[in-house]
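Student: Okay, handing you the structure first.
The values are calculated or read from the model by the stated rules, or taken from the named source; none is laboratory data. Note that this is a predicted model, so its numbers are computed, not measured. Counting neighbours? That spans all protein chains shown, and the Cβs are built from the backbone with ideal geometry, glycine included.
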Amino acid sequence: MARIGVLALQGGVVEHLEHLQRLGVAAGPVKKAADLEGLAGLIIPGGESTCLRRLLRIYELDEAIVERFRAGLKLWGTCAGAILLAKRVVDGDPGLALIDIEVARNAFGSQLASFNTVADVPAVAAAPIPMTFIRAPKIKALGPGVRSLLRLDDYHAAAEDDAVLVTVFHPELTPSLAFHRYFAAKCGLATAEVDEAAWRPADWTRHAPLPR
Ligand code: GLN
């Protein structure tokens, strides 16, 4: 069965795996090139982009990911993951550089300027989606072929082209499964029906139970 992998070198790995599990999507951590075998999609999680970029090199995963991407692997970068996927990084070095966007790192200020918000993303879900921003980047510009999914103030918070999804916030740290469901569909994978209504808006840290 096709699976979604979560890059597991550094950063928020388990939360992504658990959201995929809640949706009934087969998922596993990716620590070496062989783990990319049989994946329909790969999530590059939040963490620290310079650290992740170096670890990708050390583990020889950068070239392996680009190779699989050229063969059809779909990618989703959250926060630091979005920085690694951006072709242009203001005052910084690009990492994998696989989507034509320009990002500015740490664009909201210090770690203390992290925040939660709720926004409508009509392409992704009918109901408003909760979002957690942690020392997030801003997507400042989109190249041709890249669509904005969510524009806020002076930046795009989510964008995509046909093969890559980027979000500057962390859906995996909220109770919402909407972006994980959206990415699974982008990868051509079916997801289970989950009743999110009972728990979604009430409490940011309360998640749906994991299936047994
Ligand atoms: N500030 C981090 C960076 O520049 C990203 C933070 C995150 O992934 N939550 O890499």
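Student: When you look at Leu20, is it within 16 Å of the ligand (Cβ to nearest atom), aliphatic (A, V, I, L, M) and crowded, with 23+ Cβ neighbours inside 10 Å, yes or no? Show your work before the answer.
Tutor: On the way: within 16 Å of the ligand (Cβ to nearest atom): no; aliphatic (A, V, I, L, M): yes; crowded, with 23+ Cβ neighbours inside 10 Å: yes.
So Leu20 fails the test.
Student: Can you tell me which residue among Val66, Val25, Val6 is farther than 25 Å from Val103 by Cβ and either modelled with pLDDT of 95 or more or part of a strand (DSSP E or B) (or both)?
Tutor: Numbers: Val66 fails: farther than 25 Å from Val103 by Cβ; Val6 fails: farther than 25 Å from Val103 by Cβ.
Matching residue, one of Val66, Val25, Val6: Val25.
Student: Looking only at region 160-212, how many residues end up being among the β-branched types (Val, Ile, Thr) and at pLDDT below 95?
Tutor: Result for region 160-212: 3.
Student: Exactly one of (1) under 14 Å from Val13 (Cβ atoms); (2) of a type in the set (Gly, Ala, Ser); (3) assigned to a helix (DSSP H, G or I) is unmet by Ala34. Its number?
Tutor: With respect to (1) under 14 Å from Val13 (Cβ atoms); (2) of a type in the set (Gly, Ala, Ser); (3) assigned to a helix (DSSP H, G or I), Ala34 is out only on (1).
Student: Would you please name the residue that is farthest from the ligand (Cβ to nearest atom), looking only at residues in region 51-60 that are basic (Lys, Arg) and surrounded by fewer than 18 Cβ atoms within 10 Å (Cβ to Cβ)? It would help to see each step written out before you state the result.
Tutor: Taking region 51-60 first, the residues basic (Lys, Arg) are 53-54, 57.
With the extra rule that they be surrounded by fewer than 18 Cβ atoms within 10 Å (Cβ to Cβ), the set shrinks to 54, 57.
Numbers: Arg54: 12, Arg57: 15 Å.
Looking at residues that are basic (Lys, Arg) and surrounded by fewer than 18 Cβ atoms within 10 Å (Cβ to Cβ), I get Arg57.
Student: Still on this model: Would you mind finding the one in Ala71, Ala80, Ala107 that is small (Gly, Ala, Ser) and touching a strand residue (DSSP E or B) at 6+ places or on another chain (Cβ under 6 Å)? Before the answer, list the steps.
Tutor: On the way: Ala71 fails: touching a strand residue (DSSP E or B) at 6+ places or on another chain (Cβ under 6 Å); Ala80 fails: touching a strand residue (DSSP E or B) at 6+ places or on another chain (Cβ under 6 Å).
Being small (Gly, Ala, Ser) and touching a strand residue (DSSP E or B) at 6+ places or on another chain (Cβ under 6 Å) holds for just one of Ala71, Ala80, Ala107, which is Ala107.
Student: Taking region 119-138 as the search range and keeping residues that are small (Gly, Ala, Ser) and either farther than 20 Å from Ser176 by Cα or more than 16 Å from the ligand (Cβ to nearest atom) (or both), which one is modelled with the highest pLDDT? Spell out how you get there, then give the answer.
Tutor: Filtering region 119-138 down to residues small (Gly, Ala, Ser) leaves 119, 123, 125-127, 136.
Still in the list and also either farther than 20 Å from Ser176 by Cα or more than 16 Å from the ligand (Cβ to nearest atom) (or both): 119, 123, 125-127.
On the way: Ala119: 95, Ala123: 98, Ala125: 94, Ala126: 91, Ala127: 88.
Checking each candidate, the answer is Ala123.
Student: Mind telling me which of the residues Leu73, Leu142, Leu152 ends up being in contact (Cβ under 8 Å) with a residue 12 or more places away in the chain and within 15 Å of the chain's Cα centre (by Cα)? Steps first, please.
Tutor: Values: Leu142 fails: within 15 Å of the chain's Cα centre (by Cα); Leu152 fails: within 15 Å of the chain's Cα centre (by Cα).
Just one listed residue meets the conditions, Leu73.
Student: Phe179 - would you say it is assigned to a helix (DSSP H, G or I) and within 16 Å of the ligand (Cβ to nearest atom)? Walk me through it before giving the result.
Tutor: Working: assigned to a helix (DSSP H, G or I): yes; within 16 Å of the ligand (Cβ to nearest atom): yes.
Yes; evaluated as a whole, the condition is true for this residue.
Student: Against the definition (within 16 Å of Val6 (Cβ to Cβ), modelled with pLDDT of 95 or more and either surrounded by fewer than 19 Cβ atoms within 10 Å (Cβ to Cβ) or away from the ligand (no atom under 14 Å from the Cβ) (or both)), how does Leu96 come out, yes or no?
Tutor: Working: within 16 Å of Val6 (Cβ to Cβ): yes; modelled with pLDDT of 95 or more: yes; either surrounded by fewer than 19 Cβ atoms within 10 Å (Cβ to Cβ) or away from the ligand (no atom under 14 Å from the Cβ) (or both): no.
The answer is no for Leu96.
Student: Hey, any hits in region 105-118 for a residue that's in contact (Cβ under 8 Å) with a residue 60 or more places away in the chain and either part of a loop (DSSP other than H, G, I, E, B) or within 9 Å of the ligand (Cβ to nearest atom) (or both)?
Tutor: Taking every residue of region 105-118 in turn, none turns out to be in contact (Cβ under 8 Å) with a residue 60 or more places away in the chain and either part of a loop (DSSP other than H, G, I, E, B) or within 9 Å of the ligand (Cβ to nearest atom) (or both).
Student: Given the conditions (1) among the aliphatic types (A, V, I, L, M); (2) surrounded by fewer than 14 Cβ atoms within 10 Å (Cβ to Cβ); (3) over 17 Å from Ser148 (Cα atoms), which single one is not true for Ala123?
Tutor: Unmet condition: (3).
Student: Looking only at region 140-174, which residues are assigned to a loop (DSSP other than H, G, I, E, B) and surrounded by 21 or more Cβ atoms within 10 Å (Cβ to Cβ)?
Tutor: At the first step, the residues of region 140-174 found to be assigned to a loop (DSSP other than H, G, I, E, B) are 143-146, 153-154, 161-163, 168-170, 174.
Once the filter is applied, which keeps residues that are assigned to a loop (DSSP other than H, G, I, E, B) and surrounded by 21 or more Cβ atoms within 10 Å (Cβ to Cβ), region 140-174 yields Val168, Phe169, His170, Thr174.
Student: Here's another thing I want to ask about it. Name the residue, out of Ala157, Ala163, Ala141, that is within 16 Å of the ligand (Cβ to nearest atom) and of a type outside the set (S, T, N, Q). Steps first, please.
Tutor: On the way: Ala163 fails: within 16 Å of the ligand (Cβ to nearest atom); Ala141 fails: within 16 Å of the ligand (Cβ to nearest atom).
On inspection, the qualifying residue turns out to be Ala157.
Student: Mind checking which residues of region 33-50 are touching a Gly at 6+ places or on another chain (Cβ under 7 Å), under 11 Å from Ala2 (Cα atoms) and either within 16 Å of the ligand (Cβ to nearest atom) or in contact (Cβ under 8 Å) with a residue 60 or more places away in the chain (or both)?
Tutor: Ala40
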